Amino acid sequence: MTKMAFNIKKSCFIKSATKPSHFPDDIYPEYFFAGKSNAGKSSLLNKICNRKNLAITSKTPGRTQLINFFLINNSISFVDIPGYGYANTPKKIIASWEDMINAYLSTRKKIICMFIAIDIRRGIEELDKSMINLCLSHNINVNIVMTKSDKVSKSEKTQKRNKTKEHVMGFPNILSVNTFSAKSGDGVDLILSIIENSNKN
Ligand code: GDP
């Protein structure tokens, strides 16, 4: 029997911000999405919301990076955290990224959990672990979404997923490790059922 999945009927962009005084009111249960640049985070958000361009990737590393807030079904909030790990990012930009994320994590009161996009072909890397650790230090649970699963064979998919599970065994805040493809639709219902089930409490 398949679990009930959250049904996204309406999604709208609320605002972009870099600091807490500009964040929207903290009203709705909030899910945030993180990942290394190019991991497929925007495609993931667009796919689960069934929208073409709700989340847009900023491909220019030096540019100001913003936290984007979305309202889903007038009942929950999705937050798109700027991607990390661009090649040759100046130290200053990395430091301001870290300040911004720390400010986000320490001020928002309704965060339910994080979804972290990890390219299935690359697997989990140091920066991903740092992100998971950061969540741990703020008592936030994490769902690992191994993206672009259409790019690997079925056996590789199982292998990569198991390997990632092994890699994160030491983290007490991992809720799930699943595969996903914005192309084939693999894993969409799983994400939506995680949202549905965590939102009942
Ligand atoms: P972001 O930087 O993490 O937001 O990544 P994007 O969503 O912009 O995706 C980066 C690149 O990977 C783009 O060229 C996408 O078309 C591609 N991509 C993203 N998701 C998938 C997927 O599920 N399957 C395949 N084959 N390509 C994908």
Subject >> Which numbered condition residue 127 misses (of (1) surrounded by fewer than 18 Cβ atoms within 10 Å (Cβ to Cβ); (2) in contact (Cβ under 8 Å) with a residue 40 or more places away in the chain; (3) at positive phi) >> reply: (3)
Original post:
Looking at (1) more than 23 Å from residue 142 (Cα to Cα); (2) within 16 Å of the ligand (Cβ to nearest atom), can you tell me which one residue 74 breaks?
Top reply: (2)
**OP:** Would you mind stating whether residue 110 is away from the ligand (no atom under 16 Å from the Cβ), closer than 24 Å to residue 69 by Cβ and open to solvent by 80 Å² or more (accessible area, probe 1.4 Å)?
**Re:** yes
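Among the residues of region 39-54 satisfying the criterion of being polar (S, T, N, Q) and in a loop (DSSP other than H, G, I, E, B), which is nearest to residue 66 (Cα to Cα)? If you could, list the steps in order and put the result at the bottom.
Within region 39-54, the subset polar (S, T, N, Q) is 42-43, 46, 50, 53.
Right, trim to in a loop (DSSP other than H, G, I, E, B) and you get 50, 53.
On the way: 50: 22, 53: 16 Å.
Among those residues, the one meeting the criterion is 53.
Residues checked against (1) at positive phi; (2) within 15 Å of the ligand (Cβ to nearest atom); (3) of a type in the set (A, V, I, L, M, F, W, C); (4) touching a Leu at 6+ places or on another chain (Cβ under 9 Å):
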site: 118; (1), (2), (3), (4): no, yes, yes, no
site: 133; (1), (2), (3), (4): no, no, no, no
site: 144; (1), (2), (3), (4): no, yes, yes, yes
site: 181; (1), (2), (3), (4): no, yes, no, no
Original post:
Which pairs do you get when a residue that is within 6 Å of the ligand (Cβ to nearest atom), found in region 33-45, comes within reach of a residue that is part of a helix (DSSP H, G or I), reach meaning Cβ atoms under 7 angstrom, with the pair 6+ apart or on two chains?
Top reply: 35/41
Subject >> Subset tally (residues that are surrounded by fewer than 15 Cβ atoms within 10 Å (Cβ to Cβ), of a type in the set (Lys, Arg) and touching a strand residue (DSSP E or B) at 6+ places or on another chain (Cβ under 9 Å)) for region 152-201 >> reply: 1
Subject >> Flag if residue 87 is open to solvent by less than 40 Å² (accessible area, probe 1.4 Å) and part of a loop (DSSP other than H, G, I, E, B) >> reply: no
Original post:
Within region 51-68, is there a residue that is more than 10 Å from the ligand (Cβ to nearest atom), crowded, with 17+ Cβ neighbours inside 10 Å and in contact (Cβ under 8 Å) with a residue 60 or more places away in the chain?
Top reply: no
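The values are calculated or read from the model by the stated rules, or taken from the named source; none is laboratory data. Quantities reported herein were computed from a predicted structural model and do not represent experimental measurements. Cβ: placed from backbone, ideal geometry, glycine included. Neighbour counts: every protein chain shown. Remember, those area values only see protein heavy atoms, side chains included, never the ligands or the DNA or RNA. Shrake-Rupley method; radii C 1.70, N 1.55, O 1.52, S 1.80 Å.
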